[in-house]
Amino acid sequence: MAVRLYFHQSCATSREVILGVSRRGLLERVELMPLDSGIESLKAGAWSVPWIVIDGRPVATDPVTADEAAEIISGGKIDVGDPLDAFMNAVLHSSLATALTLLHGSVAAVADPSLASAAARSPLTGVDPEALAARVRAEGDRLFLEWRDKLRRAAAVSYVRELYWASGGAITAEELAAHATQASVGAWLIAKGSLGRAALPPRPKGVAREDAEWIASFVRRAARGLLEKVREEQESIYSDSEYLGLLRARGINIPP
């Protein structure tokens, strides 16, 4: 059984899974695949990190705990509950899937069997990823309305995190609030949910305007708390000597 764990060094869930699997003595069974070199994520077909693949089949993605990852690697029993809820939670934890859903106003935009397979742990649960993806396509508009506010909040956190990165961690709450305009968030959504023009709605002008304004308003109101949450997350990751040591022992680069 070939287990690959695609991850990014900056991802809190990736860190939790790698540390947890290591502490259980299972890390030697896993090939760690950092998605830190250009378009490797496209080649891997990864919608999010962590992205766990067994024998070439997507078997898990965020949200996933260290305990569940250990069960997956050990061939244990997995229960995801309602596969549709599992799919939607995977969308919430993927900034790409969230952005695409908001841009198109429907979860049908991300009704992909690979994402369905990872979300529902299909190789271990027996959930048919093609059937689940078809169900998402059929119910995409309803799901969007039902989950819209959660999607907006998830996008807001990603937006703040990326402004934190872009500023070198120096952005203040006041600067963050000033940046958070409908146009700024709208441009970020367009960039986040596309490759150039690929994957954009047929008429991009004004796309997701209402959602972008909602996110901008939310960020302005909660700027200090959101920024502190992101800062604590990122500083905790890059100061974790156990985690960084594990990666360096595998020859994985961590810039200072």
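The values are calculated or read from the model by the stated rules, or taken from the named source; none is laboratory data. Computed from a predicted model, the values in this text were never measured in an experiment. Here Cβ is always computed from backbone atoms with ideal geometry, including for glycine, and neighbour counts include all displayed protein chains. Side chains included, ligands, DNA and RNA excluded: accessible areas come from the protein's heavy atoms. Shrake-Rupley method; radii C 1.70, N 1.55, O 1.52, S 1.80 Å.
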(Q) What are the ³J(HN,Hα) couplings of the stretch 26-43, residue after residue, when phi is run through the Karplus curve with 6.51, -1.76, 1.60 and θ = phi - 60°? Round to Hz, x for glycine and proline. (A) 10, 5, 5, 7, 10, 8, 7, 10, x, 9, 10, 9, x, 9, 4, 5, 5, 5
Q) For the stretch 147-187 and the stretch 14-51, what is the separation of their C-alpha centers, rounded to whole Å? A) 26
Q) Got a number for carbon plus sulfur as a percent of the chain's accessible area, 1.4 Å probe? A) 51
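How big is the convex hull of the Cα atoms of the stretch 198-251, per residue, in Å³?
On the way: hull volume 6.2 nm³, N = 54.
With only Cα atoms used, the stretch 198-251 gives 115 Å³ per residue.
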Q.
Just to be sure I understand: if I project the alpha-carbon convex hull of the stretch 1-144 onto a plane and average over all orientations, what area do I get in nm²?
A. 7.9
Q: Mind listing the long-range amide H neighbours of Met33? Cut-off is under 5 Å, sequence gap 5 or more, other chains count too, H placed in the peptide plane at 1.01 Å from N.
A: Leu5, Tyr6, Phe7
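Based only on Cα atoms, what mean projected area does the convex hull of the chain have, in nm²? If you can, show how the numbers build up before the last one.
Values: hull surface 53.6 nm².
Value for the chain: 13.4 nm².
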Q: Would you compute, from DSSP H runs of 4+ residues alone, the mean residue ellipticity of the chain at 222 nm, taking -39500 (n - 2.57) per run and dividing by the full residue count, rounded to the nearest 500?
A: -19000 deg cm²/dmol
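Given a cut-off of under 8 Å on Cα pairs at least six residues apart, what relative contact order in percent is computed for the stretch 45-85? Present the calculation step by step, with values, prior to reporting the outcome.
Working: 23 pairs, mean separation 9.2, N = 41.
Result for the stretch 45-85 is 22 percent.
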Q: Note down the nm distance, to one decimal, between modelled labels 7 Å out along Cα→Cβ at Ser74 and at Leu19.
A: 2.0
Q) For a paramagnetic label modelled at 7 Å from the Cα of Ser167 toward its Cβ, which residues of the stretch 221-256 fall within the zone defined by backbone nitrogen distances under 20 Å? A) 221-238
